[in-house]
Amino acid sequence: RLPRGFAREPYRMNTPSEAMSSGNVRTVKLASRIAVAGVCFVTLTGCSEQAQPTLATSTRDLVRAGEELLASEPVRSAGQFQISEKADKDSGTACAPGSRQRFFRAQGNFARPGQQSPVTAAGLVRSGLVLLKFDQIVDNLDFFSDDLSVVVMRDPRTAVTFMVAARTTEPNILIVGKTDCFKAEE
């Protein structure tokens, strides 16, 4: 005699027709509905990749992010800024031959001279970039000193990177945003 729960014959899977005839119609219908729902979900959410940025779209995103960053509360608490470049010309100096990128540059001084340090100012600008959904790509401890603090953050969806340097000498805070390098035809 076999212990309870053990079958005398080896387990055999039912064929689809046996499954339908043996009272498992509900299970098959449920499985079919789940499969259809999955196909609908994939179709609605889109199987295709997100469109890759171009120089034009990345430049628009760079300027938008730069302006929003300077208008954000954390950055206004860090300092008062002047924009010196607003992505209005191509640059190829840091790119491979035949490629180009655009820059957004702003500089300013501490909002409360004598009460702020480079670390606190860079941290405030970093907070502004976090609010804009940028990811930190360089740990500030890699560039840490009492006189200089550096933050580098990137938004891979838009191909935009911001580098922030806060220092004790004036101008105290430098913000440089840049697009990735794009081939001339993109």
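The values are calculated or read from the model by the stated rules, or taken from the named source; none is laboratory data. Predicted model, so just to flag it, every value in this text is computed and none were measured. Here Cβ is always computed from backbone atoms with ideal geometry, including for glycine, and neighbour counts include all displayed protein chains. Heavy atoms of the whole protein, side chains included, go into the accessibility calculation; ligands, DNA and RNA do not. Shrake-Rupley method; radii C 1.70, N 1.55, O 1.52, S 1.80 Å.
Summary of values
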quantity: Gyration tensor over alpha-carbon atoms, region 118-178, equivalent ellipsoid semi-axes in Å; calculated: 20, 11, 10
quantity: Percent accessible area from carbon and sulfur atoms, region 49-132, protein chains only, probe 1.4 Å; calculated: 50
quantity: Relative contact order of region 96-169, defined on C-alpha pairs under 8 angstrom at six or more residues apart (%); calculated: 28
quantity: Two-site label geometry, Val138 and Val119: point separation in nm, points 7 Å out along Cα→Cβ; calculated: 1.9
quantity: Residue-span extension gain [Leu131 to Arg64] - 0.36 nm each, minus C-alpha spacing; calculated: 22.8 nm
quantity: Å² of accessible area per residue within region 73-135, as computed with a 1.4 Å probe and no ligands counted; calculated: 55
quantity: Compactness of region 64-186 - radius of gyration and Dmax, Cα, Å; calculated: 14.4, 49
quantity: Highest average packing first - 67-76, 107-116, Cβ atoms within 10 Å; calculated: 67-76, 107-116
quantity: Simple label model, 7 Å out from Cα along Cβ direction - Arg157 to Glu73, nm; calculated: 2.2
quantity: Label-point separation, Glu85 to Ser99 (7 Å along Cα→Cβ), nm; calculated: 1.7
